[in-house]
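For reference, the structure is listed below as structure tokens.
We did not get these values from a lab; they are worked out from the coordinates using the rules stated. In this text, all values refer to a predicted model and were calculated from it rather than measured experimentally. Cβ: placed from backbone, ideal geometry, glycine included. Neighbour counts: every protein chain shown.
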Amino acid sequence: MTPADRDAVAVSIVVPVRNEADNVAPLIAEIVGALGSRWAYEIIYVNDGSTDATAERLAAMMKQYPQLRQLKHDTSSGQSAAVRSGVRAARGIIVATLDGDGQNNPVFLPDLIAAVEQGGGRIGLAAGQRVGRKDTGFKKLQSRIANGVRKAILHDGTRDTGCGLKAFPRDVFLSMPYFDGLHRFLPALVRREGLDIAYVDVIDRPRRSGVSNYGFFDRLWIGIMDLAGVWWLIRRKKPTPVATEVS
């Protein structure tokens with residue numbers, strides 16, 4: 001990809017990964033197949049301190065796919081930090097994200113991206129809503145409890161905030177107050193900015209290989225302080241005044 005090609009990027013796909021070596025090649029092939037030639041795009045893998053062969057696998061794939069980029073964290077900093085690093089490096093006006101373990105099917109990326117494109121500036125987030133989840137019964141129960149509490153407190157109107165499949169305007173994401181766990185509260189924060197959310201049902205599938213590497217918001221006790229903080233941010237939001245320059 002030449003510098004001119006990179007300047008022409010319309011969509012950036014951000015994939016946070018840690019120790020996902022065996023999932024790298026098949027997922028990249030699926031992303032490329034799903035997007036086709038509809039957009040000029042780039043794929044940004046954020047290698048969050050992996051200690052396996054993830055970096056080497058990505059380096060090999062970069063020779064095959066010129067639209068692929070790899071960012072590296074020296075140490076693991078968490079999924080929110082990885083997503084933020086990817087969005088900050090993105091060249092596309094629209095950014096889409098998905099998890100690197102293969103559970104998120106890239107076939108749904110075009111629907112998410114199109115929802116943002118067709119939103120006329122009113123859509124701040126297109127969010128995947130999982131159906132047919134492949135988690136254990138206990139994790140599903142945790143998720144139902146956590147989602148119920150979150151909706152009751154934040155009134156974000158979202159059934160499932162844990163799905164990694166999302167798309168949003170890059171500038172909207174970067175305008176959000178950053179904190180660890182931000183990616184879990186995007187619906188509430190987007191609504192805080194007065195923007196709308198589009199929802200796309202997506203079919204969950206089992207992880208290809210390996211084990212989960214990141215904390216799971218379905219464990220309510222992990223997110224309780226974040227929940228309180230986001231509630232405070234929403235309560236403190238004031239209308240943004242219209243500023244005009246006087247000459």
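Exposure proxy for Asp160, Asp48, Asp196: other Cβ atoms within 10 Å of each Cβ, ordered fewest to most, give Asp196, Asp160, Asp48. Residues Ile203, Ile197, ranked from the fewest to the most other C-beta atoms within 10 Å, line up as Ile203, Ile197.
Counting other C-beta atoms within 10 Å, which of Ser37, Ser80 has the fewest, and how do the rest follow? Write out the running numbers ahead of the final one.
On the way: Ser37 6, Ser80 20.
Listing Ser37, Ser80 from fewest to most nearby Cβ atoms yields Ser37, Ser80.
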